[in-house]
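Structure first, then comments.
The values are calculated or read from the model by the stated rules, or taken from the named source; none is laboratory data. None of these values were measured; they are calculated from a predicted model. Here Cβ is always computed from backbone atoms with ideal geometry, including for glycine, and neighbour counts include all displayed protein chains. Quick note on the areas: whole protein, heavy atoms, side chains included, nothing else; ligands and nucleic acids left out. Shrake-Rupley method; radii C 1.70, N 1.55, O 1.52, S 1.80 Å.
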Amino acid sequence: MVFDLEMIKKVYADFQDKVDAAGEIVKRPLTLTEKILYAHLWQGKATVAHESGKSYVDFAPDRVAMQDATAQMALLQFMQSGRTKVAVPSTVHCDHLIQAEVGAGPDLSRAKFENKEVYDFLSSVSNKYGIGFWKPGAGIIHQVVLENYAFPGGMMIGTDSHTVNAGGLGMIAIGVGGADACDVMAGLPWELKFPKLIGVKLTGKLNGWTASKDIILKVAGILTVKGGTGAILEYFGDGATSLSCTGKGTICNMGAEIGATTSIFGYDKKMGEYLSGTGREEVAKAADGIAKYLTGDPAVYADPEKYFDQVIEINLSELEPHINGPFTPDLAWPISKFADAVRVNGWPEELEVGLIGSCTNSSYEDITRAASIAEQATKHGIKAKSEFTITPGSEQVRYTVERDGYLGIFEKMGGVVLANACGPCIGQWARHSNDPNRKNSIVTSYNRNFAKRNDGNPNTHAFVASPELTTALAIAGTLSFNPLTDYITNDKGEKVKLAEPEGIEMPVKGFAVEDAGFQAPAADGSDIEVIVSPESDRLQILEPFPAWEGTDLCGLKLLIKAKGKCTTDHISMAGPWLKFRGHLDNISNNLLIGAVNYFNEKTNAVKNQLTGEYGALPETQRAYKAEGVGSVVVGDENYGEGSSREHAAMEPRHLGVRAVLVKSFARIHETNLKKQGMLALTFDDKDDYDKVMEDDLIDITGLTSFTVNKPLTVVLNHKDGTTDQFLVNQTYNEQQIEWFKAGAALNIIRKQFEDSQ
Ligand code: SF4
């Protein structure tokens, strides 16, 4: 048993009292989202802060899940916390680094060889610090979490945007950056901006070709990729309770594509069945005991407009199957309009590859529904005209569907079973194409379809659909096929009409698995050595950042005055650099290479004040570091927007930048800089940005009396001997000032932990 029943019981222990108290205080019925937030809030597991008219909740999640790419830096940082064990139950899942090429067996063997040092590190660090480790081949993080760890009413974070999948089991589950996971594992709370609530009322019942996937494809069309930003989507209504638990997971999973903080369904019979079917009868029983607290109040669902910021209603009985794309998941086409859209827009009509599975859509129900289509094709002597791949989400699902004969059905149709891993969904796909310059189309049952996402090829038009529809299109080999109305011709010239898909929600013989791929951590990890080769170019043990020297900072060089947009992507680029995400020194070679230099409008070309020459930004900063001179990065508005990336704050710190001075910050990046012991400052008068010159030496004063709400002073010492002096603002609270003084938040945590021993 890998779930933690004791922890779940603890969460449930006073759930009802807390929810009742919340209802009493706000004097109105509550949504499910509110119930979970309030129950956690008043269990002492969360606090609310109000700042600049916005509210933030700091809470201690019940779980942390990490995928192998993002876990590396999160765990390297965690190692600095001084703790001997993680503060909350945590798991690592090896799913993102396995490249799909020929099929599950050989692909997995190659990945184990190529990523050995990363897997050895993750396995040993997990073993040492009490973290459950799911080996390569065990499955995709979100499917494994749904099968083993998610529980109604819980709150979790995960270092991957599709962590939201666990909403299918009634959990508030949120995707975060690695630094956030590190903090939570080290015992710090995690901060969430108090969300907007969008209610999605589902009426009617799915039928025929329409699947759960079509609900989220429709919602994506309504809300667009930005419509869910800052919001939690709460699904309810008869239509919601009629959906399988895994179908609910699919909907929540793809909620990440509309920018939602997360999505959630209330606890119901289907969730209870799934919990029991996956070996968690005790959790189902515990949830049954407090069932009415694990869903929204009836008065809320009867009159949703009164309680949600926005309400969407979808009648499932009338919903058509959808295909979304290309290049964006919110371009939603009902199947009846899709063939015309293909022709009118000139999208390549031939379907080259159909791909089903992934963490989004590889449940037993998905596989059986898709297999029912594949079986009809084989019966009529039809092989898939397109290439066709199947990615099981976990070894448990893979083993069970193989045992029950479904993988064999796909193979007969010409399908290739890939490893239980992300593979083509994250671009880990050595696709066989005779001409990458040819415009081409693929359909997947995954969730994201932005340009280059699946195969790195900008000419690939990727569409998203349900597994059963993807299978039908792959059989026909063309995007203009509508299985609801069209026929396929077999080799004998017979016209074949595919019957509606039929699926089985839960395996009749139950789920089974021989080796799920789980490694439980050692009870006492004190003697376990974390494996990192000193020669590795992918992993590097972190050294704690040095404490503040106790004086004002004088004579700092200007590293760059960045012009315009400077996102976390400009500060720490992704793409090929991701290979080095576990090696701070190597990945620091991408520091700010995307930022535009105000003085020459070029990227990655700044003046080295030591030589007067222009050079690449990371090399220039390394030259300053070698001379023991600190530097300052100056930026424009909303500096550091984009996905929360700890590297964007760690790299400048590692290379010796002391302060980032901007017109305004994206809040998360500002906090990340503070965590790493940097000075994050804003111009009191934004026009002072114009006073910064290329050859300036910069003093930052007032640090010896650094206090909450007290501005600091910046002096620009210009090359011509003149100076400019002005106030700069800072938003450090007392704890954050301590982070600065100690050199990083982790230095404080380590000290506190050592003192408590
Ligand atoms: S299968 Fe795709 S969506 Fe799911 S975790 Fe992997 S990359 Fe992310």
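Annotations for the structure displayed:
- Breaking point among (1) more than 16 Å from the ligand (Cβ to nearest atom); (2) modelled with pLDDT of 95 or more; (3) under 27 Å from Glu101 (Cβ atoms), for Thr391: (1)
- Candidates Lys285, Lys337, Lys306, Lys269 - the one that is open to solvent by 10 Å² or more (accessible area, probe 1.4 Å), closer than 29 Å to Val443 by Cα and free of Cβ contacts under 8 Å to residues at least 60 places away in the same chain: Lys337
- Tallying residues that are aliphatic (A, V, I, L, M) and part of a loop (DSSP other than H, G, I, E, B) within segment 145-163 yields 1.
- Among the residues examined, Arg645 qualifies as in contact with a strand residue (DSSP E or B) (Cβ under 9 Å, 6 or more places away or on another chain), part of a loop (DSSP other than H, G, I, E, B) and touching a residue at least 40 places away in the same chain (Cβ under 8 Å).
- Test result for Ile258, out of contact with any strand residue (DSSP E or B) (no Cβ under 6 Å at 6 or more places or on another chain) and within 16 Å of the ligand (Cβ to nearest atom): yes
- Any pair with Cβ under 6 angstrom, 6 or more apart, that starts in segment 97-123 at a residue that is farther than 20 Å from His583 by Cα and ends at one that is assigned to a helix (DSSP H, G or I) and of a type in the set (Gly, Ala, Ser): Ala100/Gly423
- Taken over segment 135-159, the criterion of being on the phi > 0 side of the Ramachandran plot and either within 15 Å of the ligand (Cβ to nearest atom) or among the polar types (S, T, N, Q) (or both) is satisfied by Gly137, Gly139.
- Scan segment 357-416 for residues that are within 27 Å of the chain's Cα centre (by Cα), crowded, with 21+ Cβ neighbours inside 10 Å, under 14 Å from Pro507 (Cβ atoms) and not charged (D, E, K, R) and the total you get is 8.
- Some residue of segment 103-121 being open to solvent by 20 Å² or more (accessible area, probe 1.4 Å) and within 16 Å of the ligand (Cβ to nearest atom): yes
- Where Tyr274 falls short, out of the listed (1) within 22 Å of Asn447 (Cα to Cα); (2) buried (at least 24 other Cβ atoms within 10 Å of the Cβ); (3) away from the ligand (no atom under 16 Å from the Cβ): (1)
- Taken over segment 648-667, the criterion of being in a helix (DSSP H, G or I) and touching a helix residue (DSSP H, G or I) at 6+ places or on another chain (Cβ under 9 Å) is satisfied by Ala648, Ala649, Met650, Glu651, Pro652, Arg653, His654, Leu655.
- Filter result (touching a residue at least 60 places away in the same chain (Cβ under 8 Å), over 27 Å from the mean Cα position of the chain (by Cα) and surrounded by fewer than 20 Cβ atoms within 10 Å (Cβ to Cβ)) within segment 1-37: Lys9, Gln16, Gly23, Arg28, Pro29
- Filtered residue count, segment 417-430, keeping only those that are surrounded by fewer than 24 Cβ atoms within 10 Å (Cβ to Cβ) and either in contact with a Phe, Trp or Tyr (Cβ under 6 Å, 6 or more places away or on another chain) or over 17 Å from His96 (Cβ atoms) (or both): 1
- Residue count for segment 394-427, restricted to those that are more than 15 Å from the ligand (Cβ to nearest atom) and part of a helix (DSSP H, G or I): 13
- Among (1) within 39 Å of the chain's Cα centre (by Cα); (2) surrounded by 13 or more Cβ atoms within 10 Å (Cβ to Cβ) - the single one Gly702 does not satisfy: (1)
- Just so you know, in segment 431-459 the residues that are open to solvent by less than 30 Å² (accessible area, probe 1.4 Å) and away from the ligand (no atom under 16 Å from the Cβ) include one that is nearest to Pro392 (Cα to Cα), and it is Ser441.
- The conditions of being touching a Gly at 6+ places or on another chain (Cβ under 8 Å), modelled with pLDDT of 95 or more, more than 16 Å from the ligand (Cβ to nearest atom) and in a helix (DSSP H, G or I) are not met by Ala166.
- Figure legend. Inter-residue proximity from segment 57-76: first residues farther than 16 Å from Asn127 by Cβ, second residues within 16 Å of the ligand (Cβ to nearest atom) and of a type in the set (Lys, Arg), beta-carbon distance below 6 Å, spacing 6+ or different chains. Indicated pairs: Met73/Arg581.
- Residue within segment 183-204 that is polar (S, T, N, Q) and open to solvent by less than 10 Å² (accessible area, probe 1.4 Å) present: no
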